[in-house]
Amino acid sequence: MINLILFGPPGSGKGTQAAKLIEQFHLIHISTGDLFRYEMSHDTPLGQEAKAYMAKGELVPDSVTIGMLRNKVESHPEAAGFIFDGFPRTIPQAQALDALLAEKGTEVAALLALHVGDEEIVQRIKLRGNTSGRADDNDESIIRNRINVYKNETHPVFDFYGKKGKSQTINGIGTVDEIFERLCEAIRRLL
Ligand code: ADP
């Protein structure tokens, strides 16, 4: 099993790259953001709980997010591995992920962090807002809040896996295919 964390600030291209990587390496893609949007669009209790946090660009509480992630992992017992996108976003989420994978006799192989500067991110998310229909993509103050939440709460996860020798930074500037090649190279080195 090969389990990868695709890491990076909002708008760094994780979703785009994850879609290509799962084809190449036959992995299951789990995006907590997509899962929350699905729950919201179906107006489930989970979606209703997540909504207020997402609208402000804040993180949904760990207890909610971790439970949802566990259910999703456990619904794929046949998986050859997972790409986690948008998770873990806090140290407690990282600890929960490690514990969950350990229960299954596996672990995180690597955290691949797409590096893109703040101003580029704001421009990309605003552009995406024209078509994504996401309220959190259409307001610059919410976008900047998401970037701050990333720096304060999420970036420590890079060092958490860095201490285990598992974190790598990938240049996230270039064409989609160029960035994909960089990620593939890093993954091939792990196989
Ligand atoms: P992006 O990375 O482009 O901001 P996502 O789709 O990954 O978008 O996440 C959108 C929102 O969903 C986040 O701002 C947050 O409110 C919520 N969310 C997603 N993943 C998590 C998580 N692991 N923990 C807490 N909240 C999350």
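We did not get these values from a lab; they are worked out from the coordinates using the rules stated. A quick note: this is a predicted structure, and the numbers were derived from the prediction, not measured. Methodologically, a virtual Cβ is constructed for each residue, glycine included, from the backbone with ideal geometry; neighbour enumeration extends over all protein chains shown.
In the chain, the sites counted are GluC sites (Glu not before Pro) in DSSP loop states with at most 16 other Cβ atoms within 10 Å, and the longest stretch holding none of them, exclusive of the sites, is 108-191. Remark: for residue pairs K14/K51; K14/K164; K20/K72; K20/K166; K126/K166, the C-alpha separation exceeds 24 Å in K126/K166.
In plain terms, the residue of T16, T175, T154 with the fewest other Cβ atoms within 10 Å comes first and the most crowded comes last, giving T175, T16, T154.
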